[in-house]
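**Student:** First, the structure itself, so that you have it in front of you.
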Amino acid sequence: TTTIDTTEIEKEGLQLHYTFEYEGDEPPEIITDESSNKRSATLHSALLRDGGEGRMYRKVLSLDNDVRTNSKNTNSYAEVITDTSNHINLASATISFWIRPIGISEDNVGIIFNNSLEKNNRHGIVMNPNGNTLSLGYMWKTSVNSHSVDLKAQLKHDAWNHVTVLIYKEGYVRTFLDKSFVGNYDLGVTHEDVVFDKLEIGRVSGMIDD
């Protein structure tokens, strides 16, 4: 089994890094990007919650998107604030995060995802790809009705999972769960350059941390 320490990613050169930490008693409505790019994010019906002193983590992003009784309950997320001067443009990426799925999330729901309605402008990491519950998937330069790629990486429900997805320009995707290599996917073509101009964190049901 191949393992790598994906919990300690080099912070230098990061496009985004949200720790969800804050000072003071009241949680903010805008969270700060800890990378040098300083892209803030606005919270929409999402909460920053404290893990307390006895856990390895402190603040986390809590998302109430359980669709068990209401299929339209998908409006809890963080919206990354960008403009034409600081959009994220890339053809390869390393995406890393902690996630604790709780409740029922909708199919093909974005975790870290460019949620654009424009044709060929949806890309990022999703959960429940094509109805495969708790699996990880991804999209790259797709549209609203496009299917997502199932990465065959199964998350644990109501438990913390550490995810790292390496997206290579050559068209390969490598997925790690809790430091262990899960699988390699070959898109069959190269990953084209994409722009993240409608980037969101969330819309899943559960919690996310860095």
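The values are calculated or read from the model by the stated rules, or taken from the named source; none is laboratory data. A quick note: this is a predicted structure, and the numbers were derived from the prediction, not measured. Please note: Cβ atoms are built from the backbone with ideal geometry, for glycine as well, and neighbour counts cover all protein chains shown. Areas reflect the complete protein model, heavy atoms only, side chains present, ligands, DNA and RNA absent. Shrake-Rupley method; radii C 1.70, N 1.55, O 1.52, S 1.80 Å.
**Student:** Would you point out the residue of the stretch 30-63, among those that are part of a loop (DSSP other than H, G, I, E, B) and among the hydroxyl-bearing types (Ser, Thr, Tyr), that is least open to solvent (accessible area, probe 1.4 Å)? Before the answer, list the steps.
**Tutor:** Within the stretch 30-63, the first condition is being part of a loop (DSSP other than H, G, I, E, B), and the residues that meet it are 32-40, 45, 51-58.
Subset that is among the hydroxyl-bearing types (Ser, Thr, Tyr): 32, 35-36, 40, 45, 57.
Details: Thr32: 79, Ser35: 6, Ser36: 106, Ser40: 37, Ser45: 96, Tyr57: 52 Å².
Residue satisfying both the conditions and the ranking: Ser35.
**Student:** Condition test on Met139, is it in contact with a Ser or Thr (Cβ under 7 Å, 6 or more places away or on another chain), within 26 Å of Gly51 (Cβ to Cβ) and buried (at least 17 other Cβ atoms within 10 Å of the Cβ)?
**Tutor:** no
**Student:** Confirm whether Lys156 is free of Cβ contacts under 8 Å to residues at least 60 places away in the same chain and either assigned to a loop (DSSP other than H, G, I, E, B) or touching a Leu at 6+ places or on another chain (Cβ under 8 Å) (or both). Before the answer, list the steps.
**Tutor:** Details: free of Cβ contacts under 8 Å to residues at least 60 places away in the same chain: yes; either assigned to a loop (DSSP other than H, G, I, E, B) or touching a Leu at 6+ places or on another chain (Cβ under 8 Å) (or both): yes.
Spelling it out, Lys156 is indeed free of Cβ contacts under 8 Å to residues at least 60 places away in the same chain and either assigned to a loop (DSSP other than H, G, I, E, B) or touching a Leu at 6+ places or on another chain (Cβ under 8 Å) (or both).
**Student:** Hey, among Phe181, Phe97, which residue is open to solvent by less than 50 Å² (accessible area, probe 1.4 Å) and part of a strand (DSSP E or B)?
**Tutor:** After ruling out the rest, the residue left standing is Phe97.
**Student:** Another question, if that's okay. Of Val126, Val144, which residue is touching a Gly at 6+ places or on another chain (Cβ under 7 Å), of a type outside the set (Lys, Arg) and touching a residue at least 12 places away in the same chain (Cβ under 8 Å)?
**Tutor:** So the residue among Val126, Val144 that is touching a Gly at 6+ places or on another chain (Cβ under 7 Å), of a type outside the set (Lys, Arg) and touching a residue at least 12 places away in the same chain (Cβ under 8 Å) is Val126.
**Student:** Restricting to the stretch 184-210, count the residues that are loosely packed, with under 15 Cβ neighbours inside 10 Å, assigned to a loop (DSSP other than H, G, I, E, B) and free of Cβ contacts under 8 Å to residues at least 60 places away in the same chain.
**Tutor:** 2
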